[in-house]
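Okay, so here's the structure we're looking at.
Bear in mind these aren't lab numbers, they're just calculated from the coordinates by the rules spelled out. From a predicted model like this one, the values you see are computed outputs, not experimental measurements. Neighbour counts are summed over all protein chains in view; Cβ atoms, including those assigned to glycine, are modelled from backbone coordinates with ideal geometry.
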Amino acid sequence: MSSAPGEAGLVQYVVCSFDDIPNRRAKAFQLLKRVADGSATTFSLFVVRWGNRVFGYINRCPHTGVNLDWERNQFLDPSGLRLMCGKHGALFDIGTGHCVDGPCKGQALEPASVAVIDGDVCVSGVELIEDDAAESAEQ
C-alpha cells in the first residue's frame, strides 16, 4: 500500500492494481485506519470492478453487521448481478449499495471512497496506517 496527495489535499492510498480485480468480481481488503484518539482499528472494505468502473463499500451488512462475503472475496449472488450477504442472502445493487431484497430492504451498504488513478485502485477519505508505519510501530 502506498499513498499520494490527491485532489484538495486528500491523501489517496493505493490498495491494488486495477488489473488485480477481474471484471465483474470483487476483492476484500483488511486495512488499519487511525481513529480520532490516534489509535488504530481495522478498516474492512471491498471493491467491485464492473467494466472500467470500481465501487467500494465497507464490508459490513446493515442488517447484522457481519461481513458480506460468504467465502473469501465472494460477494456476488449466483447470477453475478447483485451483491449478496452470505449470512442471510440480502441482495444489494452493485452501483448504489442499496438493499433490494432481504431483511434489510431499504437500507444500504456504507460506501467507501475509491477511484482508479494511473491504473491503481485508491481509497481516500480515511487516514490509513501504512505497512511501513505499522512495521515500525511493532519494532
### Query
What is the mean projected area of the alpha carbon convex hull for region 9-139, to one decimal in square nanometres?
9.0 nm²
### Summary
Dividing the helical contributions, -39500 (n - 2.57) per DSSP H run of n ≥ 4, by the residues of the chain yields a 222 nm value, nearest 500 deg cm²/dmol, of -1500 deg cm²/dmol
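Let me check against my output: what whole-number percent is the relative contact order of region 40-139, with C-alpha pairs under 8 Å and at least 6 apart? Before the final figure, lay out the partial values.
Numbers: 155 pairs, mean separation 20.2, N = 100.
Dividing the mean separation by the residue count of region 40-139 yields 20 percent.
Could you give the dipole magnitude of the chain about its Cα centre, charging the beta-carbon of Lys and Arg +1 and that of Asp and Glu -1, in debye to the nearest 20? Can you show the working numbers first?
Details: 12 positive and 18 negative charges, 147 e Å.
Dipole of the chain, to the nearest 20 debye: 700 debye.
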### Query
Amide H to amide H under 5 Å from L76: which residues, 5+ apart in sequence or cross-chain, H placed 1.01 Å off N in plane?
M84
### Message
So if the hydrodynamic radius of region 73-133 is defined as the Kirkwood radius over C-alpha pairs, what does Stokes-Einstein give as its diffusion coefficient at 37 °C and 0.692 mPa s, in µm² per second?
### Response
243 µm²/s
### Estimated distance in nm for a label pair at R25 and T96, the labels positioned 7 Å out from Cα along Cα-to-Cβ
2.9 nm
### Query
³J(HN,Hα) across region 37-43 via Karplus (A = 6.51, B = -1.76, C = 1.60, θ = phi - 60°), whole Hz, x for Gly/Pro?
7, x, 7, 10, 9, 5, 10
## Note on the structure
Expressed in nanometres to one decimal, the distance between label points 7 Å along Cα→Cβ at T64 and A40 is 3.0 nm
### Proximal charge balance of S17 [Cβ under 12 Å; K/R count +1, D/E count -1]
-2
### Task
First measure r as the distance between the Cβ atoms of Q74 and W50, then evaluate 1/(1 + (r/R0)^6) with R0 = 22 Å and state the FRET efficiency to the nearest 0.05.
0.85
### Query
Anyone know which of A36, A28, A112 comes out most mobile in the 10 Å Cα GNM of the chain?
A36
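Summing Lys, Arg as +1 and Asp, Glu as -1, what charge do residues with Cβ under 14 Å from the Cβ of K87 carry, K87 excluded?
Details: positive: R60; negative: D69, E71, D77.
Neighbourhood net charge equals -2.
What does the charge add up to near V116, with Lys and Arg as +1, Asp and Glu as -1, over the other residues with Cβ less than 13 Å from its Cβ? Walk me through the numbers on the way to the answer.
Numbers: positive: R49, R53; negative: D19, D20, D118, D120.
Its environment carries a net charge of -2.
Please pull out the direction-averaged projected area of region 13-66, using the convex hull of its alpha-carbon atoms, in nm² to one decimal place. Show your work: numbers first, answer last.
Numbers: hull surface 18.8 nm².
For region 13-66, averaging the hull's shadow over all directions gives 4.7 nm².
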### Query
Once amide H atoms are placed 1.01 Å from N in the peptide plane, what residues at a sequence separation of 5 or more from N59, or on another chain, have their amide H within under 5 Å of its amide H?
S44, L45, F46
